[in-house]
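Okay, structure first, notes after.
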Amino acid sequence: MSEHGVVLFHTTSSAFRAERVLLAAGLEARLIPTPREFSSDCGMALRFDWGKRERVEELLREAEVEPAGVNAFSQ
Amino acid sequence: MIYLDHAATSWPKPPDVPQAMARFLEEAGGNPGRAGHSLSVEAGRRVYAAREAVAELFHVRNPLRVVFAANATQALNLALRGLLHPGDHVVTSSVEHNAVMRPLRALEREGVRLSIVPCAPDGLLDPAGVEQALTARTRLAVLTHASNVSGALQPVGEIAARVRKHGVFVLLDAAQTAGAVPLNLAILGVDLCAFTGHKGLLGPPGTGGLVLGEHFDPAGLEPLVRGGTGSHSEEEEQPDELPDKFESGTANGVGIAGLGAGVRWVRTRGVTALRAHELSLARRLREGLAAIPGVRVYGPREPERTVAIVSFTVAGRRVSEIGLRLDEEYGILCRVGLHCAPAAHRTLGTFPEGTVRFAPGPFTTPEEIDQALIALERIVRT
């Protein structure tokens, strides 16, 4: 099983923006309910391929999305 | 029936619009952006897609700079109340809608100073006149992009260039131009742009918003309404992030889904093509009206300085009588009177009686314009 990461957000709109940007860049991206082990106020988190972490963070910066956190997630 | 009241509300809508609204209710009934379950996610995704479509229409790169509101009026109130404080000076034109004038008059009573720059009798504003009205305390220039009475399309780019060099913000009321005139906020030099969903964007009533230009710092704008946003729930202070700072309470997801479909339809057709179609109808109307004895047409003569709104009066006849007879005898629907813009009518010299206003839209045909002209000619003769 490949390892996943999750991006946590401050607002739901930024979660949808991140989803669009990652998908448009051809990356795996799936909005999931925020896993319990992470505290985030936004009910949604974005699951991605942890191996693409640097590319994901670069895309978020370009899109002016400031994540509440980017964490490894083994599920 | 011939519908010539697109300046009030566009009708009919492209079929995509009611379909998107029904599908939102049927397939995405969750509260957009309040939970992580699949219905909420799908609702939020459709609201976001509409945000993206609006951002593309105004050529704004970041869709989070699109703030949804119930209509242009609410967006204008947000911008005016959020920016202006007692002691500030604000400049506007003499052809504004009450959506601008009433909030400004209320702010004036609270200590905001107001200058109203007169327009020419055709409704057009002289950019130099706006610059001359600025003072050291001027914070904002608020302008309608096109008059809902005369159709006059203001030279916003030139006005913005003149006032922005003095550090003055530009707020544009695009109620009559969003979807009808190409709009690029960066090229025009507009900081804030209020739009409505139910006119040229072909969406349902109850939608609209405020678009923040790329360089506008939202820290300088106070929210009009505060409340739940689904973010920072642990805080009792309003969050600073866009668009949540300005969007409290559950959004009109159904309406916004319809608005998104309307905007996508407009973008597929192309604003430039829609404008060419509507201007050709307006030209046909203006020429036909001018040929009817006793009819006086208002607004700029050059078509490129107008949107497809044609206001006229008939010598010796009440506008209410003409409107009623067009409706009852010919099934032609238009709007007569003051159009919520007494200042604009004072400028044109048509206050307090008002005008008859014909406003064609994307689905209006040249044949319908000809039928309206024939009907009016008969009414004038009898």
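Each reported figure results from applying straightforward, stated rules to the coordinates on display, with no laboratory input. As the structure is a computational prediction, the values presented were derived from the model and not from experiment. Cβ: placed from backbone, ideal geometry, glycine included. Neighbour counts: every protein chain shown.
Let me spell out the model: positive unit charges on the Cβ of Lys and Arg, negative unit charges on the Cβ of Asp and Glu, origin at the Cα centre of region B:1-60. What dipole size does that give, in debye rounded to 20?
On the way: 6 positive and 7 negative charges, 34 e Å.
Here region B:1-60 has a charge dipole of around 160 debye.
Across peptide B:49-57, what mean number of C-beta atoms from other chains lies inside 10 Å of a residue's C-beta? Numbers along the way, then the final one.
Working: counts 2, 0, 3, 3, 0, 0, 0, 0, 0.
The per-residue average across the peptide is 1.
If every alpha-carbon in the protein assembly as shown counts as one equal scatterer, what log10 I(q)/I(0) does Debye give at q = 0.06, 0.09, 0.10, 0.13 1/Å?
-0.29, -0.62, -0.75, -1.13
Would you mind telling me the antiparallel percentage of the DSSP bridges in region B:16-269, rounded to 5?
Working: 10 of 27 bridges.
That works out to approximately 35 percent antiparallel.
When only DSSP loop residues count, what GluC sites (Glu not before Pro) in region B:215-250 have their Cβ near at most 14 other Cβ atoms within 10 Å? Working shown, then result.
Values: sites: B:Glu234, B:Glu235, B:Glu236, B:Glu237, B:Glu241, B:Glu247; in loops: B:Glu234, B:Glu235, B:Glu236, B:Glu237, B:Glu241, B:Glu247.
Listed in order of number, the matching sites are B:Glu234, B:Glu235, B:Glu236, B:Glu237.
With charges set only on the Cβ (+1 for Lys and Arg, -1 for Asp and Glu), what does the dipole of the protein assembly as shown come to about its Cα centre, in debye to the nearest 20?
So the dipole magnitude of the protein assembly as shown works out to roughly 1200 debye.
Which of the listed residues, B:Thr306, B:Gly337, B:Pro362, is farthest toward the dipole's positive end in region B:300-382, when Lys, Arg count +1 and Asp, Glu count -1 at the beta-carbon?
B:Gly337
Quick one: helix B:366-381 against the long Cα principal axis of chain B, what's the angle to the nearest 10°, folded into 0 to 90?
Its long axis makes an angle of about 50 degrees.
Nearest-5 percent of antiparallel DSSP beta bridges in the protein assembly as shown?
On the way: 34 of 54 bridges.
Once the DSSP bridges in the protein assembly as shown are tallied, antiparallel ones form about 65 percent.
Picking from B:Asn184, B:Phe246, B:Ala70, whose Cα lies most toward the positive end of the charge dipole for chain B (charges on Cβ: Lys, Arg +1; Asp, Glu -1)?
B:Asn184
Count charges around B:Thr306 for me, please; just the other residues with Cβ under 14 Å from its Cβ, Lys/Arg as +1, Asp/Glu as -1. Walk me through the numbers on the way to the answer.
Details: positive: B:Arg275, B:Arg283, B:Arg284, B:Arg286, B:Arg301, B:Arg305, B:Arg357; negative: B:Asp122, B:Glu278, B:Glu287, B:Glu302, B:Glu304.
Neighbourhood net charge equals +2.
Can you sort B:Trp11, B:Trp265 by how many other beta carbons sit within 10 Å, fewest first?
Numbers: B:Trp11 14, B:Trp265 22.
The order, fewest Cβ neighbours first, is B:Trp11, B:Trp265.
Within the set of other residues whose C-beta is less than 11 Å from the C-beta of B:Phe68, count the net charge using Lys and Arg as +1 and Asp and Glu as -1. Walk me through the numbers before you get to the answer.
On the way: positive: B:Arg51; negative: B:Glu247.
Overall, the nearby charge balance is 0.
Looking at region B:56-169, what % of its DSSP beta bridges pair antiparallel, to the nearest 5?
On the way: 1 of 11 bridges.
Here the share of antiparallel DSSP bridges comes out near 10 percent.
Mind checking the dipole of chain B: about its Cα centre, +1 per Lys or Arg Cβ, -1 per Asp or Glu Cβ, Debye to the nearest 20?
Details: 39 positive and 41 negative charges, 172 e Å.
So the dipole magnitude of chain B works out to roughly 820 debye.
Dividing the Cα radius of gyration by the Kirkwood radius, what Rg/Rh value follows for region B:109-175?
On the way: Rg = 11.9 Å, Rh = 12.5 Å.
Over the Cα atoms of region B:109-175, Rg/Rh equals 0.96.
Order of B:Leu224, B:Leu324, A:Leu22, B:Leu338 from fewest to most other C-beta atoms within 10 Å?
On the way: B:Leu224 17, B:Leu324 13, A:Leu22 23, B:Leu338 20.
Starting with the residue having the fewest Cβ neighbours, the order is B:Leu324, B:Leu224, B:Leu338, A:Leu22.
Starting from the exponent 0.38 and prefactor 2.2 Å, build the expected Rg for region A:4-73 from its residue count and divide its actual Cα Rg by it.
Values: Rg = 10.4 Å, N = 70, 2.2 N^0.38 = 11.1 Å.
After normalising by residue count via 2.2 N^0.38 Å, the value is 0.94.
Please give me the summed charge of the neighbours of B:Gly30: other residues whose Cβ is under 15 Å from its Cβ, Lys and Arg +1, Asp and Glu -1.
Details: positive: B:Arg23, B:Arg34, B:Arg45, B:Arg46; negative: B:Glu26, B:Glu27, B:Glu42.
Spelling it out: positives minus negatives among the neighbours equals +1.
When B:Ser248, B:Ser231 are ordered from fewest to most other Cβ atoms inside 10 Å of their Cβ, what list results? Intermediate results must be reported in sequence, preceding the final value.
Values: B:Ser248 17, B:Ser231 24.
The fewest-first ordering by Cβ neighbours comes to B:Ser248, B:Ser231.
Direction-averaged shadow area of the convex hull around the Cα atoms of region B:319-375, nm²?
Numbers: hull surface 17.6 nm².
Averaging across all directions leaves 4.4 nm² for the Cα convex hull.
What number, rounded to the nearest 500 deg cm²/dmol, is the helix-based mean residue ellipticity at 222 nm of the protein assembly as shown, given -39500 (n - 2.57) per DSSP H run of at least four residues and division by all its residues? The partial results should precede the final answer.
On the way: 14 runs with 170 residues, N = 457.
Only helices count here, giving -11500 deg cm²/dmol.
For region B:16-269, build the convex hull from the C-alpha positions and give me its volume per residue in Å³.
Measuring per residue, one finds 115 Å³ for the Cα hull of region B:16-269.
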